[in-house]
Every structure is written in structure tokens, then in C-alpha cells.
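Working notes for the structure below.
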Amino acid sequence: MVDFTQKFRSFIEKYYYSELLKATKKGAESLIISFAKLARFDLKLAERLLNSPNEIIEFAEAAIKEFDLPSDNIPTRVRIIELPKSQTVRIRDLRSVHLGKFIAIEGLIRQASDVRPKMTLATFECPGCGNQITVEQKSESFREPSKCACGRKAKFRLVDKKMVDIQRLMVEEAPEALEGGEQPKKIATFLSEDLLDPKLEKHRYPGTKIRVTGVVKEVVIPLRTGGQSTRYDLVVDANSVETIEAEFEELEITKEDEKIIQELAAKPNIFDKLIDSVVPSIYGADKIKEAIVLQLFGGVKKTRTDGTRIRGDIHLFLIGDPGAGKSEILKYISTLAPKAKFVSGKGATGAGLTATVVKDEFLRGWALEAGALVLANKGIACLDELDKMTKEDRSAMHEALEQQTVSISKANIQATLRAETSVLAAANPKFGRFDPYEPIINQIDLPATLINRFDLIFPIRDIPNVKQDERIAKHMLDLQRDIESKQPEIASGLLRKYIAYAKQHCKPKLTPGAVEELKNFYVNLRSAGASEGGDIKAVPISARQLQALVRLAEASAKIRLSDKANKRDAQRAIDLLKDYMKSVGTDPETGKFDIDRITTGVTATQRSRISIIRKVIEELEAKLGKNIPMFEIIKECEDEGLERGKVEEILEELKKKGDIFEPKAGIVQRIG
């Protein structure tokens with residue numbers, strides 16, 4: 001025993017004495033030791049640690065106590081990090097041979113219980129002789145002394161107890177570690193003492209990717225009868241926890257990285273370089289790639305003193321022809337951004353997207369289990385095949401997209417979870433291919449309120465074009481011949497750091513010039529709709545699009561690492577919005593912008609016609625009675641300047657909606 005303690009004392013003096021002094025000065029409860037350094041110092045001691053971790057860690061902690069330091073705040077715990085790759089075990093590969101061994105596991109936090117105290121030592125007093133007996137509480141059930149030295153066997157009095165904080169995390173295998181068809185496996189991991197420091201709480205949120213180093217232990221699975229089972233469950237008693245995948249804001253950036261990033265940002269063609277660096281396997285689609293780049297950088301979240309929030313995250317929606325590369329774009333972005341989640345169609349439920357309440361066996365109550373939008377907090381959620389989700393499941397997204405929270409009120413849990421997530425969604429039109437002459441709301445089975453929450457919507461159309469097809473074919477065939485032929489302008493590792501640096505250091509504000517540019521665009525476009533004749537006027541753009549313009553302009557400024565979003569940034573945002581509005585928000589009859597074409601599917605021109613036809617029906621009803629001949633309606637409408645074909649089309653629509661019905665051929669009656 002003395003031998004191991006002395007070895008650890010020599011090891012700490014050689015490698016960790018300065019860290020020990022710093023930890024003591026800070027009042028830290030533990031000293032973090034690298035396994036790699038321990039192996040260099042004494043390989044046999046390191047091997048012994050892997051096979052008998054509890055015993056060896058006790059020696060290390062005893063060695064710390066031997067140091068004569070000028071403080072009472074000497075660390076009492078030893079935390080081991082940087083285990084070799086051979087000791088990293090997949091959760092699904094944990095077996096009984098790992099029991100009592102020191103291993104590392106990696107995965108996502110799927111669920112976290114509340115932090116609760118647990119008794120580790122109980123001191124009892126014998127009423128007969130006054131002797132005090134200390135019993136270590138290792139199991140789940142409370143243990144009392146079996147007997148005292150004086151011979152007494154029952155009714156001991158509890159006089160003191162030692163408590164530690166404990167929390168259970170359910171750690172699940174990360175999706176990228178799975179092979180086709182595999183279901184992710186979970187394991188319960190128990191954290192205690194200084195691992196539960198409130199300052200580190202955000203590293204224990206569901207969705208965080210962590211590496212846990214600890215000891216594998218067995219727990220008896222209780223029988224319903226209350227007896228002892230022969231079957232056991234595996235758990236990990238954590239010694240140390242490291243965050244593997246941080247948010248953009250938490251990525252570490254060195255001085256060298258900072259210099260490279262600033263040089264990149266100063267280049268005049270930085271936007272082109274970034275566009276070429278996103279999804280290099282897809283040819284063209286520059287406007288879509290530009291929007292995705294702006295989404296990755298994001299706008300600025302604003303919070304007023306009264307608690308009102310304005311989101312800074314940008315939501316994009318891609319709708320288009322099959323085989324146009326939508327899923328490939330989403331997959332690429334889900335690997336590029338940290339804390340990104342990829343979810344597809346029928347495989348997602350409302351609970352899987354937002355959150356659900358599950359039975360918590362650890363606390364004997366209910367616990368929250370986060371869904372994809374919460375797990376991707378401060379990241380990106382890539383939702384593919386959005387049109388394939390059920391109506392109930394999609395309705396769960398409304399709050400998450402705009403308010404960026406997920407509210408749960410189930411069982412005895414009332415909670416609001418943060419979902420500050422950028423959403424990149426994709427869907428196919430109902431009838432296979434995108435029709436530019438049909439409103440988007442009629443082509444996709446999504447509620448208008450949900451579509452309206454996206455900042456930009458891009459149709460992806462696959463139209464035959466000889467020159468374009470030649471370029472795409474060459475690009476794809478070159479890629480097939482040599483998979484590494486199309487390298488991004490900026491490597492994904494550097495791009496990730498670039499985005500992180502911009503998010504950490506830049507909070508741009510609009511300059512007076514940018515404000516004027518956005519205001520003029522908004523007011524001029526709105527006044528163009530208001531100046532039209534007729535009772536019903538087109539709404540070319542709404543306040544929601546103005547907010548989207550601000551977010552896009554701020555993201556453009558972040559790319560330049562500037563704290564000011566100038567006129568050029570505002571113009572870039574306007575150009576993107578115009579491009580989107582031309583594609584999906586233009587009334588084909590007037591050629592003018594009409595936001596209602598996106599949000600309701602009924603343009604101002606159509607609403608005006610419907611209004612005229614309803615008025616004609618009401619007037620004829622007053623003249624002719626309830627039964628109105630169809631030819632009379634058509635004749636009156638033609639006198640009002642409407643085409644016969646359009647009138648017949650709207651009458652059919654009114655029949656479908658239940659506003660009118662046809663009791664017999666050629667006769668119409670109004671309902672209500």
C-alpha cells in the first residue's frame with residue numbers, strides 16, 4: 001500500500017505539483033490527471049488502474065493528502081482523463097467481463113434526472129454501550145449494523161450521516177457511430193460530488209455529446225415479487241466527464257486559427273469561397289448555398305429588459321423535384337455543424353421532435369426526454385421529408401420555430417425547454433414535381449402558419465437544359481471517378497472554426513444606411529400593393545419578412561467579422577428575399593409580389609374575384625329567391641368584367657368549401 005501511495009506522490013511531484021497548487025488555490029475538489037502521463041511515468045501502475053480502478057484511485061487520493069499545503073482546500077478526489085482508444089468501449093459492446101474495469105464510453109445525453117443527495121456513510125450509536133459504528137452505504141437499500149461489539153443485535157440509533165449529490169444521465173450511442181439498421185443503445189451513468197458543479201450544468205443538458213470515464217458496475221434488477229433476481233443491469237459510475245461536441249460558441253480557437261480566420265474574412269471574394277465550400281458534391285444552386293451559409297452564421301438574438309425575445313436563428317425551407325439533391329444538402333449540413341440533428345419524414349413523431357415525458361425509475365417519478373429540436377439547441381435541425389410527417393406531429397413545431405421554446409404540460413411536469421435551433425427543412429410537392437404556376441400551399445401538405453415561419457423558401461427545379469446538364473453530368477462523373485476530386489475551398493474543420501469565431505466575437509448592429517435601405521424596400525413594396533385599384537389589395541410583404549431581412553443582413557456582417565451590418569449587407573439580404581419571392585410569391589396573373597400566395601394560397605386577385613361572385617349571388621338571391629340559375633351568375637359576372645372560365649372555377653371552389661351547393665343541375669343555393 002505504501003509503495004503505491006509513494007509512487008503516486010512521486011508522480012504528482014513530477015507532473016502535477018503546479019496543477020495541485022492551482023486547484024488548492026481555487027478551492028477545487030479534484031485534481032485532473034492524464035492517463036497518458038501516468039502510463040509514461042509507470043506503465044504497470046497505469047495497467048493496474050485499468051483493472052482495479054477503485055483501489056488505485058484510493059492510493060492516488062491518499063498521496064494527495066500527504067502533501068503539506070498551506071490551505072484546508074486540498075483536493076480530495078482524483079479524476080482521470082485521456083484513456084487509450086483500446087479502453088473506449090461502445091455502449092452495445094459492454095459485457096460482464098467489463099465489470100469492475102476502468103473504461104470510457106461516448107454518446108449523447110438523452111435524459112438527465114434531477115440532482116439529489118445520496119447517503120454514503122451512516123454512523124450509528126449503540127444504546128447499550130454508547131459505541132459508535134460506521135456503515136458504508138454502497139447499495140440502493142439502507143444498511144444498518146448487524147451487531148455491536150457488546151453483543152447487541154438490534155435498534156441502533158442513527159446519529160450522523162454523510163451525503164453526496166448524485167445525478168443519473170442516460171447516455172445513448174451517437175447516430176454517426178451506428179451501422180445500418182442498428183438501434184442506439186443506452187446506459188445509465190451516475191455522476192456525483194464535484195462532477196455536479198452548477199457551473200458545469202450546461203455540459204449535462206440533453207443533446208450534449210460527452211465522453212464518460214468510469215467503472216462498470218452491476219445493479220440487481222428487482223423482481224415484482226420483491227425477491228433477489230439472478231439478472232443484473234450494467235451502469236457506469238463516472239470518474240470524469242468531458243464534453244466532446246460543444247456548441248459553435250464553445251469551440252476552442254487557437255491564436256493561429258484566429259489569424260487564418262481574420263485573413264480569410266478580409267478577402268473580397270470571401271462570400272464566393274464560402275458558397276463553394278458548402279456541399280461541394282452538389283453543382284450550382286448558388287442562391288440556396290448562399291442562404292445556407294447565412295443560416296450557419298445566423299443573426300443576433302435580442303432580449304429586451306421586459307423579457308421579450310427576438311430570434312436570431314434563420315429557418316430555411318427547400319421544396320422541389322425528387323433527385324435534386326435536397327437530402328444530400330441536409331446530410332452535409334448535419335455533419336458540418338456541431339449539435340446538428342438529422343430527422344426524416346415518417347421516422348419522426350411530435351414527441352421525437354420536441355419533448356416527451358417518461359417514467360423515471362431513478363427518482364420514482366416522471367422525467368423529461370428531449371426531442372430533436374431541443375437536442376439541437378444552439379445548433380441546426382435538418383428535417384427531411386417534412387411533408388411525410390403526420391399533421392399532429394408537424395403542429396408540435398409551431399412554437400419551436402418562432403418562440404424557440406418547447407412547452408410541456410403532462411403528468412405532474414410543467415416545463416418550458418429551450419429550442420434555440422436553426423431549422424433547415426426539405427419536402428417534395430404533392431404531385432411529384434414543383435409547379436411554378438400553382439401556389440406553394442396547394443402543392444405541399446403543410447399548414448400555412450408553419451410555412452410562414454420560414455425566413456426563406458427555395459424551390460429546387462429539375463428543368464432540362466443542355467449546357468447546364470453537361471456541367472452537372474461532368475461534375476457528377478468526375479466525383480464518381482475520384483471521390484476526392486471536388487474539395488471545398490475552405491476545409492470543413494476551418495469553416496466550423498470560422499463560424500464559431502464569428503458567433504463568439506460578432507454581434508452586428510444595423511447602420512443607419514442599412515436601416516434606410518431595408519425601410520425603403522419594405523415601404524415601397526407595401527405601397528405598390530396599396531396603390532392597386534379594387535377593393536382587395538395585395539400584401540406584397542409582411543413584417544415577418546422584414547425581420548427575416550434583418551437576420552440575413554446581420555449574418556452577412558458576421559461573415560466579414562464586422563460589428564456593423566452596412567448597406568451592402570442589407571442589399572444582399574434583399575436580393576435573396578427577392579429571389580425567393582420571385583420563385584414562390586409572385587401572382588402569375590399580375591406579375592406582382594403577393595405574400596398571400598405563400599401563406600394562404602389565395603392571391604389578392606382571386607380574393608377580389610371571390611368577393612365579386614359572392615356579391616352577385618347575394619343580389620340574385622334577393623331578386624330571384626333561393627334557387628339561382630348558374631347561367632344568371634355567369635352572365636352577371638361577365639358584365640362585371642370576369643372571364644367565364646374563371647367564374648366557373650371559383651364556383652367549383654365555393655362548392656368544395658361548402659359556401660354554396662347544387663340541389664339540381666344548373667341551379668345554385670347559398671348556404672347560411
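The values are calculated or read from the model by the stated rules, or taken from the named source; none is laboratory data. All figures in this text were calculated on a predicted structure; none of them were measured in a lab. A quick note on method: Cβ atoms are made from the backbone with ideal geometry, for glycine too, and the neighbour counts reach across all protein chains shown.
Table for the structure above
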| read-out | value |
| --- | --- |
| Of residues in segment 551-598 being of a type in the set (Val, Ile, Thr) and modelled with pLDDT under 80, the one surrounded by the fewest Cβ atoms within 10 Å (Cβ to Cβ) | Thr590 |
| Count of residues meeting criterion [at pLDDT 80 or above and either closer than 20 Å to His203 by Cα or β-branched (Val, Ile, Thr) (or both)] in segment 342-371 | 1 |
| Count of segment 200-229 residues which are modelled with pLDDT under 80 and not small (Gly, Ala, Ser) | 15 |
| Segment 90-136: number of residues that are outside any strand (DSSP E or B) and farther than 22 Å from Leu234 by Cβ | 8 |
| Selection within segment 147-169 - assigned to a loop (DSSP other than H, G, I, E, B) and hydrophobic (A, V, I, L, M, F, W, C) | Cys148, Ala149, Cys150, Ala154, Phe156 |
| Criterion violated by Glu125 - all others in (1) over 27 Å from Glu201 (Cβ atoms); (2) surrounded by fewer than 15 Cβ atoms within 10 Å (Cβ to Cβ); (3) not small (Gly, Ala, Ser) satisfied | (2) |
| Inter-residue pairs, beta-carbon under 8 Å, first farther than 30 Å from Ile380 by Cα and in segment 205-228, second aromatic (Phe, Trp, Tyr) and not in a loop (DSSP other than H, G, I, E, B), 6+ apart | Gly214/Phe102; Val215/Phe102; Glu218/Tyr232; Val219/Tyr232; Val220/Tyr232; Ile221/Tyr232 |
| When residues of segment 96-144 are limited to those that are of a type in the set (Phe, Trp, Tyr) and farther than 30 Å from Ala46 by Cβ, the one modelled with the lowest pLDDT | Phe142 |
| Positions within segment 38-94 being among the small types (Gly, Ala, Ser) and either within 28 Å of Pro184 (Cα to Cα) or under 41 Å from the mean Cα position of the chain (by Cα) (or both), in sequence order | Ala39, Ala46, Ser52, Ala60, Ser86 |
| Meets criteria (in contact (Cβ under 8 Å) with a residue 40 or more places away in the chain and either more than 30 Å from Leu375 (Cβ to Cβ) or of a type in the set (Ser, Thr, Tyr) (or both)) for Gly100 | yes |
| Condition met for Gly601 (out of contact with any Ser or Thr (no Cβ under 8 Å at 6 or more places or on another chain), at pLDDT below 85 and under 30 Å from Glu653 (Cα atoms)) | yes |
| Single match in Leu49, Leu45, Leu38 (criterion: over 14 Å from Pro84 (Cα atoms) and either in contact (Cβ under 8 Å) with a residue 40 or more places away in the chain or surrounded by 16 or more Cβ atoms within 10 Å (Cβ to Cβ) (or both)) | Leu45 |
| Checklist (1) in the same structural domain as Asp233 (by TED's automatic domain parsing); (2) in contact with a helix residue (DSSP H, G or I) (Cβ under 8 Å, 6 or more places away or on another chain) applied to Arg9, failing item | (1) |
| Odd one out for Thr134, checked against (1) in contact (Cβ under 8 Å) with a residue 24 or more places away in the chain; (2) of a type in the set (S, T, N, Q); (3) farther than 21 Å from Val220 by Cα | (1) |
| Selection status of Ala28, touching a helix residue (DSSP H, G or I) at 6+ places or on another chain (Cβ under 8 Å), not in a helix (DSSP H, G or I) and not assigned by TED's automatic domain parsing to the domain that holds Gln137 | yes |
| Residue check for Leu49: in the same structural domain as Gln183 (by TED's automatic domain parsing), touching a strand residue (DSSP E or B) at 6+ places or on another chain (Cβ under 9 Å) and of a type in the set (A, V, I, L, M) | no |
| Enumeration of residues in segment 181-215 that are in a strand (DSSP E or B) and more than 19 Å from Ile244 (Cα to Cα) | Ser192, Val215 |
| Residue pairs meeting the criteria (Cβ under 7 Å; at least 6 apart or on separate chains; first among the polar types (S, T, N, Q), in segment 52-68; second surrounded by 13 or more Cβ atoms within 10 Å (Cβ to Cβ) and not in a loop (DSSP other than H, G, I, E, B)) | Asn54/Val215 |
